[in-house]
1. Cβ-Cβ below 7 Å, separation at least six or inter-chain, first residue in segment 126-138 and under 13 Å from E181 (Cα atoms) and in contact (Cβ under 8 Å) with a residue 12 or more places away in the chain, second aromatic (F, W, Y) and assigned to a loop (DSSP other than H, G, I, E, B): which pairs?
2. Any residue at all in segment 146-167 that is under 12 Å from the mean Cα position of the chain (by Cα), over 20 Å from M223 (Cβ atoms) and at pLDDT 95 or above?
3. May I ask you to verify whether G98 is part of a loop (DSSP other than H, G, I, E, B) and touching a Pro at 6+ places or on another chain (Cβ under 8 Å)?
4. Only residues that are free of Cβ contacts under 8 Å to residues at least 60 places away in the same chain and not β-branched (V, I, T): list them for segment 159-174, please.
5. What is the residue count in segment 323-350 for residues that are in a loop (DSSP other than H, G, I, E, B) and within 19 Å of A87 (Cα to Cα)?
6. Does E349 satisfy being surrounded by fewer than 13 Cβ atoms within 10 Å (Cβ to Cβ) and either under 30 Å from P284 (Cβ atoms) or in contact with a helix residue (DSSP H, G or I) (Cβ under 9 Å, 6 or more places away or on another chain) (or both)?
7. How many residues are surrounded by 12 or more Cβ atoms within 10 Å (Cβ to Cβ) and either over 28 Å from the mean Cα position of the chain (by Cα) or over 20 Å from E189 (Cα atoms) (or both) when one looks only at segment 30-49?
8. Looking at segment 75-102, which of its residues are within 20 Å of H29 (Cα to Cα) and surrounded by 14 or more Cβ atoms within 10 Å (Cβ to Cβ)?
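The values are calculated or read from the model by the stated rules, or taken from the named source; none is laboratory data. What you see is a predicted model, and the numbers here were worked out from it, not measured in a lab. Using ideal geometry, Cβ is built from the backbone for each residue, glycine included, and neighbour counts are taken over all protein chains shown.
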Amino acid sequence: MKLIPALLCSVLMTFLTAPTQAQQDDGPHARYVNQGIEARWLCEGKLIQKNYTTAIGSTIDPVCAFPASIVIDENSSVYTVSTKYQAKKIAALSDIHGQYGSLKTLLQAHGIIGQDLNWTFGDGHLVIAGDIVDRGPQVTDALWLLYRLDAQAKAKGGRLHVLLGNHETMIMANDLRYVNEKYVNVARELGVSYPELFGADTVLGRWLRSKPVIVQINDSLFMHAGLHPDYLKLKLSIKEVNQQFSSSLGLAKSDIKKQVHLSFLYGSLGPIWYRGYFKTPQLPSDELDQLLRQLEVKRIVVGHTTMSGILSHYQGKIFSIDSDIKSGKSGEILLIENDIWRRGTLQGEKLAIPENTASTIFDN
């Protein structure tokens, strides 16, 4: 008889954690066909397709899943040449991992978007420091929200900086270890492989391929993971690092390892994988100081290594902004205005950023 309560509990937990139909819905998945666009959705298990005879300027209205209209903006898919920017106000977060709800809540709570999902941050700069994809159940929604904001920010004098993380590059290289099961099903129903959903012939795929890995805003560098001082031996500028990644996206690991620069950049000491600011043995302070001097910046802002919240390290020379958004239960956003650095919560609070003095690293 004791098995009955346990069985009921198991059934209840299955019910509570099972994806809702709204989470199973997905789309649009839009690709360029001749001069137009083919857009497809999965709505309540049914495939819906709409065709648009022209691509540039076409408006894809919502059918299910992502709830807002999408204007196809070719300018947002042009490779980013600039690497240095000036901004009076900056917001930054990372490692969204398909948690569209947490992304939307943080952006709305801190005046970056409105209830209609449109840009309200004026001339501010928003940085997404990689890993939008994988793990979570609403990757497509998160990407389309950011795609729309890219064009809207520029129109208002602001800027959205989407930086590539290790998970974006993994998908392009057909490394699918962390893909949410929902998207395995979506790809199968659409009759394509998962990487093909983000191929170079798709709107989102072309957009992602236009994005850099590192940008400088004011006196800070933003990237997904970090840089080891051995980067300096490559004698590559930040612009050249971005170009190296742009030209190599989709290459097989074996081809990357054959090239000295790419082997380092895609490796454990490069900007999409490095964890040495946080994990033993930590990078010595004098080596970090040398790196910052050579890069001519005061600090580096990174995601990738999950913490309990946004934290300062090395007396403010490193800021970590992977605040466990991927769990779908927590998350913070970095806010910088008038050189005051704060962390914003899901509830809209603006709090001081603590210096990390203990091991607060979560499992990655």
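1. D134/Y178; R135/Y178
2. Within segment 146-167, one or more residues are under 12 Å from the mean Cα position of the chain (by Cα), over 20 Å from M223 (Cβ atoms) and at pLDDT 95 or above.
3. yes
4. Correct list: L160, E168, M170, N174.
5. The number of residues fulfilling the criteria is 2.
6. Values: surrounded by fewer than 13 Cβ atoms within 10 Å (Cβ to Cβ): yes; either under 30 Å from P284 (Cβ atoms) or in contact with a helix residue (DSSP H, G or I) (Cβ under 9 Å, 6 or more places away or on another chain) (or both): yes.
Yes, satisfied.
7. Summing the residues that are surrounded by 12 or more Cβ atoms within 10 Å (Cβ to Cβ) and either over 28 Å from the mean Cα position of the chain (by Cα) or over 20 Å from E189 (Cα atoms) (or both) in segment 30-49 gives 1.
8. Listed by number, the residues that qualify are S76, S77, I96, H97, G98, Q99, Y100, G101.
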